[in-house]
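Asks: This structure is in structure tokens; I'll ask about it shortly.
The values are calculated or read from the model by the stated rules, or taken from the named source; none is laboratory data. Keep in mind that what you see is a predicted model, and the values were worked out from it rather than measured. Neighbour counts are summed over all protein chains in view; Cβ atoms, including those assigned to glycine, are modelled from backbone coordinates with ideal geometry. Each accessible area value is taken on the protein alone, full model and side chains, heavy atoms only, with ligands, DNA and RNA left out. Shrake-Rupley method; radii C 1.70, N 1.55, O 1.52, S 1.80 Å.
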Amino acid sequence: MSDSIILGIESSCDDTSAAIIKGNAILSNIAANQAIHKEYGGVVPELASRAHQQNIIPVVEKSLLKANIQQNAISAIGFTRGPGLLGSLLVGTSFAKSLAMSLDVPLIEVNHLQAHILAHFIEDANPMPPKFPFLCLTVSGGHTMIVLVKDYFEMEIIGKTIDDAAGEAFDKIGKIFDLDYPAGSIIDRLAKEGNPDSFKFNKPKLENYDYSFSGIKTSVLYFIQKEVKKDPDFIKNNLNDLCASVQKSIIEILMNKLEKAALDLNIKEVAIAGGVSANSALRKVMQDNHEKLGWNIYIPKFEYTTDNAAMIAMVAQLKFERGEFTDLRTTATAKYDL
Ligand code: KG4
Ligand code: ZN
């Protein structure tokens, strides 16, 4: 891999992030989180765009400072072109274009979903990078899919959610429990103190490798409504057990299909990616499957799971080597297939 220095910019949702990569080593990975959305129980697109505008210059400056890199050492600029919230994407895209123009360096567009998967090739993401072909369970707030990764830029979605994403299920069920947004990491923390076998929730019965998470959300809602009628403090009195049980159900749904795909395709190289791959119980089940099923598992380093610019810089580096540059007239796109 070349030793070029590349700046990556991520602004697809509610994290403004900038990272500097040299070869496949991350020199800095800075993110500004947008706390404002907590008050609304979800990301408010208009507020996200405004916060990106405020954050982008300081975040990029910090990434250069931390990496101890001058602007003129940058060989190219990678940015998230999509998928994501259009207003948010526009901030990163416009900034990347302007900077590429002023530094007279190539501009490189990055698909956010490809980046979650290719984050596994960052030097310190794993002890060893995955070997092709591998399966990657890509689970975030907006997406849930099993991807067959044949090569860096040759990916096939073999199963995906037909309704909510897994992260969305964590967040929506967290809302029922009156937890802050995003609830995924809070449920993860509370679940550690709870009994995962306390409550059982409906599981979808779908053919092939597709997922559905709207059923479990409704099942939790109806169950809670029924119990709260009998005991108004039901949630408070059972919160840890509820979180542990919900988490167990979501992970079982995710892993059943992943195990089936690995068996059917006879693939033992199995990775997870995206915000939900930060989940400690999911990471533990992957470990267990390494022992039980002989999988070679790839669990990204924590900081490369939720949205970050390091993964964007990684993809930009791979495209830079291939001479795949983007025209300055390009625009952001809310939808962007793998
Ligand atoms: O990849 P990401 O940062 O943003 C998207 O591209 O969507 O994923 C965010 C999602 C949220 O739904 C959040 O609740 C979930 O990842 N998440 C978790 C954990 N940390 C983040 N879900 C379960 N357990 C966690 N520890
Ligand atoms: Zn993401």
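Asks: Have a look at M286, M101, M255 and tell me which one the Gaussian network model of the chain (Cα, springs below 10 Å) gives the largest fluctuation.
Replies: M101
Asks: Tell me which residues come under 5 Å, amide H to amide H, from V44 once H is placed; ignore anything under 5 positions away on its chain.
Replies: none
Asks: List the residues whose amide H sits under 5 Å from the amide H of F213, counting only those 5 or more places along or on another chain, with H placed 1.01 Å from N in the peptide plane.
Replies: The answer is I162, D163, D164.
Asks: Pairs to check: K236/K257; K131/K319; K200/K292; K66/K335; K66/K257; K38/K301. Give those whose C-alpha atoms are more than 30 Å from each other in this structure. Walk me through the intermediate numbers first.
Replies: Numbers: K236/K257 33 Å; K131/K319 19 Å; K200/K292 25 Å; K66/K335 33 Å; K66/K257 41 Å; K38/K301 26 Å.
As for pairs spanning more than 30 Å Cα to Cα, those are K236/K257; K66/K335; K66/K257.
Asks: Based on alpha-carbon centroids, what's the gap between the stretch 30-88 and the stretch 264-321 in Å, whole number please?
Replies: A separation of 23 Å, based on Cα centres.
Asks: Okay, next question. Among S98, S75, S249, determine the one that fluctuates most according to a GNM of the chain built with springs between C-alpha atoms less than 10 Å apart.
Replies: S98
Asks: Next question. If you fit an axis through the alpha-carbon atoms of helix 86-103 and take the longest principal axis of the Cα set of the chain, what angle between them do you get, 0 to 90°, nearest 10?
Replies: 20 degrees
Asks: How many times 2.2 N^0.38 Å is the alpha carbon radius of gyration of the chain? Write down the numbers at each step before the final one.
Replies: Working: Rg = 20.2 Å, N = 338, 2.2 N^0.38 = 20.1 Å.
The chain yields a ratio of 1.01.
Asks: Counting heavy atoms of the protein chains only and a 1.4 Å probe, report the per residue accessible area for the chain as a whole number of Å².
Replies: On the way: 15050 Å² over 338 residues.
Value returned for the chain: 45 Å² of accessible area per residue.
Asks: Nearest 10 degrees, 0 to 90: what angle lies between the long axis of helix 166-176 and the longest principal axis of the chain (Cα atoms)?
Replies: Here the helix axis deviates by roughly 50 degrees.
Asks: Ignoring ligands, DNA and RNA, what percent of the accessible area of the chain is carbon or sulfur (1.4 Å)?
Replies: 51 percent
Asks: Take every DSSP beta bridge with both residues inside the chain and express the antiparallel ones as a percent of the total, to the nearest 5. Could the numbers behind the result be given before it?
Replies: Values: 27 of 44 bridges.
Expressed as a percentage, antiparallel bridges in the chain total about 60.
Asks: Angle check, please: helix 310-321 long axis (alpha carbons) against the longest principal axis of the chain (alpha carbons), in degrees 0 to 90, nearest 10.
Replies: Once rounded, the angle reads 40 degrees.
Asks: So, one more: Grab the other residues whose beta carbon is less than 14 angstrom from that of A48, score K and R as +1, D and E as -1, and report the net.
Replies: Working: positive: K38, R50; negative: E10, D14, D15, E39, E46, D307.
Local charge sum for A48: -4.
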